[in-house]
Amino acid sequence: MAVLLGILIGAGVLAAFGGLLWYVWRRTVRDTTERGSRWRRVGTVAFCTGPVLMFAALAAERGGAPFLLQQILAWPGFLWMAFALYLLLALLVGELVRLAVLRSFRARQPTDEESPLQARRGGPSLLLESLGEIEDEARRADEAGKGAQPQKSTEVTRRVFVARTVAAGAATVAAATVGYGTYGVLRGPRVKRVTVPLAKLPRAAHGLRIAVVSDIHLGPVLGEDFARRVVDTINSTQPDLIAVVGDLVDGDVEDLAPAARPLADLRARHGAYFVTGNHEYFSGADQWVEHVRDLGLHPLENARAELPYFDLAGVNDVQGEGEGEGPDFGKALGDRDRTRASVLLAHQPVVIHDAVEHGVDLQLSGHTHGGQLWPNNLVADLANPTLAGLERYGDTQLYVTRGAGAWGPPVRVGAPSDITVVELASRHA
């Protein structure tokens, strides 16, 4: 029964995806070109290539294809994914423009006492005349021997003009949005600062700074140069402690060891710590735990480090449950001295209720990307207790960073990347 339900859901998703693709093709290709024309054929081929590249890029990454092939497919495939999303949204807004303009055209149709030439003076119709489209359409109709009336020819041409204008405008908006969102990712994350008071933190630890970074997603798109940019940004904040809270990579150590190499240069007085994210389990968590240890980071696999003034604990990501390596809060926190302040590193915010139960003072998480691509933030907000920022759950505070990189499309819209410096504050200071 479960298999059948899964098949039906999958079929429904594919049908909806196909319907949306058909709509975008219709508005951008069919409505703007003549039947059988070279431009319609070229547009259709180009349009069909995008989804193929997108699915190929996804399959190559998840299927462990040769890394070079992943790199070749990733940029065009993932960028098309983002471009198609914003092209669809822009076209939907364009429907309102289309409706308003066509109604305006119909309202200006000539009466029996008014000549077609008089009715076409001014406004969009004058622009159509300047382009010579009305006359061209009438000439084609006459040559075809169809006996088309000028008014009919004008109506057809007006529709083509509106279709081309809306399609061009939508494509421009989508391209600009994706371009700016890509620039925002590639330039590297910006530093965000937040102060978190902890009731149990002693006065001597007041002002201690933790640099929180998550979701770097080194892989076929973001490589060594991006990792170097992230490391330099973290070190520039001169943190006392560094917390890497999961989703560091998308791929094997064999392919991504050079990309991860800059992490060896992370510097903090109390060291750099790491916990797994869901993508580590897609890539092979054990190999990455060992590799980050070789780079000088301290993995916390359901473990705790008793630092001066507070306890720092870390739990495995919930994705590890399928491999028998899920979060174990009892192992990480069960026997600790609860009179000491505690900070928990956990990739996904959804474990906050376990953190509350075990008396954690502050949980640091990532995973959500802040939604990454608007309006996906609306969906991500429903799936997570906190999408981004600082919130309180009982006696436990949860801070969620938007992350430093991006998964899939190297694009962020409405969810800028960040590295957060969390400054702990003692209420006794």
*Quickly run through the range 246-276 and pick out the residues that are on the phi > 0 side of the Ramachandran plot and in contact with a helix residue (DSSP H, G or I) (Cβ under 6 Å, 6 or more places away or on another chain).*
D247, G251
_E254 - would you say it is surrounded by 19 or more Cβ atoms within 10 Å (Cβ to Cβ) and more than 18 Å from L424 (Cβ to Cβ)?_
no
*In the list V191, V221, which residue meets the criterion of being under 15 Å from A268 (Cβ atoms), in contact (Cβ under 8 Å) with a residue 40 or more places away in the chain and either outside any helix (DSSP H, G or I) or of a type in the set (S, T, Y) (or both)?*
V191
*Could you check, for the range 419-428, whether at least one of its residues is in a strand (DSSP E or B), surrounded by fewer than 21 Cβ atoms within 10 Å (Cβ to Cβ) and at pLDDT below 95?*
yes
_If a residue must be in contact with a Gly (Cβ under 6 Å, 6 or more places away or on another chain) and over 15 Å from V196 (Cβ atoms), how many such residues does the range 389-409 contain?_
2
*asked:* Which numbered condition in (1) surrounded by 18 or more Cβ atoms within 10 Å (Cβ to Cβ); (2) out of contact with any Pro (no Cβ under 9 Å at 6 or more places or on another chain); (3) closer than 21 Å to L248 by Cα is the only one that Q372 fails?
replied: (2)
*Residue check: is G334 loosely packed, with under 15 Cβ neighbours inside 10 Å and in contact with a His (Cβ under 8 Å, 6 or more places away or on another chain)?*
yes
*Quick check, is T28 under 27 Å from F161 (Cβ atoms) and either of a type in the set (S, T, Y) or not assigned by TED's automatic domain parsing to the domain that holds R98 (or both)?*
yes
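Do we have G405 as crowded, with 21+ Cβ neighbours inside 10 Å and either at pLDDT below 95 or outside any strand (DSSP E or B) (or both) here?
yes
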*So, of the residues in the range 135-159 that are among the hydrophobic types (A, V, I, L, M, F, W, C) and touching a helix residue (DSSP H, G or I) at 6+ places or on another chain (Cβ under 7 Å), which turns out to be modelled with the highest pLDDT?*
V156
*Just wondering, is there one or more residues in the range 61-70 that are in a helix (DSSP H, G or I), surrounded by 14 or more Cβ atoms within 10 Å (Cβ to Cβ) and over 24 Å from the mean Cα position of the chain (by Cα)?*
no
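The values are calculated or read from the model by the stated rules, or taken from the named source; none is laboratory data. These numbers were taken from a predicted model, which means no experiment stands behind them. Ideal geometry is used to build each Cβ from the backbone, glycine not excepted, and the neighbour counts take in all protein chains shown.
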